[in-house]
Amino acid sequence: MLERRSREQFEFFLCGSLRDLVPDEHVLARVDRVLDLSWLHDMVAESYAASVGRPAIDPEAALRLMLAGFLLGIVHDRRLIREAQVNLAIRWFAGYGLQEKLPDHSSLTRIRKRWGADLFRRIFEKSVQACVAAGIAKGEVVHVDASLIRADVSWESLVARHVDDVADANDDDARKDETAARNSKKTGKYKKVCTTDPDASMATNGRNRRLEPSYKQHGVVDDECGVIVEIDVTTGEANEGDHILSRLDTAAQTTGVAITLATADAGYAYGKVFGGLEERKISAVIPTKAEPIRSKVPLRRFRYDAHHDIVKCLRGKILRPNRTKVAYGRFFASKARDCKGCDLAAICLSPSRVTKAVVIVNDYPALLRARRKRDRWGKEEKRLYRRHRWRSEGFHGEAKSWHGLARAVRRGLENMRIQSFLTAMAINLKRLAAAFLLLWSFIWRSIYQEKRPDRSSGGRSFPTTPLPAIIC
């Protein structure tokens, strides 16, 4: 017999909690087991007036709403509130009842602006410290990498930079200095800038790809379980080598553990990076770059004596440092009488010069030691570098594919940092929830093996011990 069900569902009352309607394996239910934000009110109290104005939205409810959006990949406030209207899991996770009115989407925007990026960083650091306390983050071996995030701007908002007008307004000497800049596609008149989001700069992750307005996220991932121990955002054209040391220092301060080994890709293979890691007593697993050969007598044929601070050429002539300096190193030049009559002068010197000049980068001895170490990589170094690829790069792929970090949600460096902090915190909570579930399954199996079901009676006896709480 066919049944016809009426679609008019009038409920006078609902017995029980919304938690009973949320499956245990739902990501919000799993994260809620390890999440405790009782400390949040004291942290954000300085952002509110004690007895002035209307009652504010509960900070814990607001943060839980934001985290629910990032955990489910709903990063836009309007869409998040629309989804929360019909999604029981989001309502329960944020602490709103079935009949309660949710806050307007603009309230979340004002809360982010009121709290600021620095406070969101402190909230993110709380998740890192919780992972360290739970034992799923050691903080000793870390993987460092950076990734570009497309800015939330359109191509119509990009305009060309008028370098020619600036150069014409200067004197002749300044115009000569600007000649190279005017002809460069990266720094000259051909480079475009964004008028709607000036913080986003043009960058690309490949030479065969076009420049796009982007931000750059610098992440430090722990080797143990992939916990993000440090995150920061800069403009897209920022160099990775300028930020790795400061990120490692901040990561060590957050975890309270000294870093002993760091891995990174060849984009970080600079002398200043290797020198800074040696000063911090951090072992580096970073593949060095192949030296570009632009001359028939390349730089590697010149020997640098760090003790006497001189450079010797192939014929044993000495090149001494001169007063000309660059941001990344120093110039060493020979004397004209040493190069005159040399049998290698035809291929060693430029046609318009009578002396040889080479640039020795800062911390050049550390770079040479790193190159020699790269040639002696063993199984352990190769294993760590393979882990770097799926730990660090895997984190960026996960954040972009599942948590909406492929494109900036809002404009401005401050908003982009908040988005990165919330995304990293959501991923850390997932790691913590997964470790908690694994730990509880191990405890459950050990209890079940000691107390097996009584098959003679036909019944089963399972442990009913409540789940322990891990405070985040």
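The values are calculated or read from the model by the stated rules, or taken from the named source; none is laboratory data. This is a predicted model, so every value here is computed, not measured. Reconstructed Cβ throughout: ideal geometry from the backbone, glycine too, with neighbour counts over all protein chains shown.
Things to note:
- Subset of the range 291-319 (residues that are assigned to a strand (DSSP E or B) and of a type in the set (Val, Ile, Thr)): ILE310, VAL311, ILE318
- Residue list for the range 83-121, filter: of a type in the set (A, V, I, L, M), assigned to a helix (DSSP H, G or I), surrounded by 13 or more Cβ atoms within 10 Å (Cβ to Cβ) and free of Cβ contacts under 8 Å to residues at least 60 places away in the same chain: ALA84, ALA94, LEU108, ILE111
- Cβ-Cβ contacts under 9 Å between residues 6 or more apart (or on different chains), taken from a first residue in the range 193-207 that is assigned by TED's automatic domain parsing to the domain that holds HIS396 and without any contact (Cβ under 8 Å) to a residue 24 or more places away in the chain to a second residue that is surrounded by 13 or more Cβ atoms within 10 Å (Cβ to Cβ) and not in a strand (DSSP E or B), are listed as PRO198/GLY412.
- Filtered residues of the range 47-82 (kept if under 22 Å from MET425 (Cα atoms) and assigned to a loop (DSSP other than H, G, I, E, B)): ILE57, ASP58, LEU72, GLY73, ILE74, VAL75, HIS76
- Filtering the range 336-361 to residues that are part of a loop (DSSP other than H, G, I, E, B) and free of Cβ contacts under 8 Å to residues at least 40 places away in the same chain leaves LYS340, GLY341, CYS342, ASP343, LEU349, SER350, PRO351, SER352, ARG353, VAL354, THR355.
- Residue in the range 275-290 that is in contact with an Asp or Glu (Cβ under 8 Å, 6 or more places away or on another chain), assigned by TED's automatic domain parsing to the domain that holds ARG391, farther than 27 Å from GLU125 by Cα and in a helix (DSSP H, G or I) present: yes
- In the range 281-331, the residue that is surrounded by the fewest Cβ atoms within 10 Å (Cβ to Cβ) out of those that are among the aliphatic types (A, V, I, L, M) and modelled with pLDDT under 80 is ALA327.
- Pair list, Cβ < 9 Å and 6+ apart or interchain, from the range 362-378 residues that are more than 13 Å from ALA284 (Cα to Cα) to residues that are modelled with pLDDT of 90 or more and assigned to a loop (DSSP other than H, G, I, E, B): ASN362/TYR270; ASP363/TYR270
- Looking only at the range 396-432, and only at residues there that are outside any loop (DSSP other than H, G, I, E, B) and touching an Asp or Glu at 6+ places or on another chain (Cβ under 8 Å), the one that is nearest to VAL31 (Cα to Cα): ILE427
- Test: residue in the range 208-226 that is modelled with pLDDT of 90 or more, under 21 Å from ASP249 (Cβ atoms), surrounded by fewer than 20 Cβ atoms within 10 Å (Cβ to Cβ) and not aromatic (Phe, Trp, Tyr): yes
- The range 252-265: number of residues that are touching a residue at least 24 places away in the same chain (Cβ under 8 Å) and outside any loop (DSSP other than H, G, I, E, B): 6
- Within the range 227-251, restricting attention to residues that are part of a strand (DSSP E or B) and among the β-branched types (Val, Ile, Thr), the residue that is surrounded by the most Cβ atoms within 10 Å (Cβ to Cβ) is VAL229.
- Test result for TYR268, in contact with a helix residue (DSSP H, G or I) (Cβ under 8 Å, 6 or more places away or on another chain) and within 25 Å of LEU429 (Cα to Cα): no
- The residues on offer are LEU37, LEU71, and the sole one that is surrounded by 21 or more Cβ atoms within 10 Å (Cβ to Cβ), hydrophobic (A, V, I, L, M, F, W, C) and either over 27 Å from the mean Cα position of the chain (by Cα) or in the same structural domain as PHE120 (by TED's automatic domain parsing) (or both) is LEU71.
- Flag for HIS388 being closer than 30 Å to ALA426 by Cβ, in contact (Cβ under 8 Å) with a residue 24 or more places away in the chain and touching a Leu at 6+ places or on another chain (Cβ under 9 Å): no
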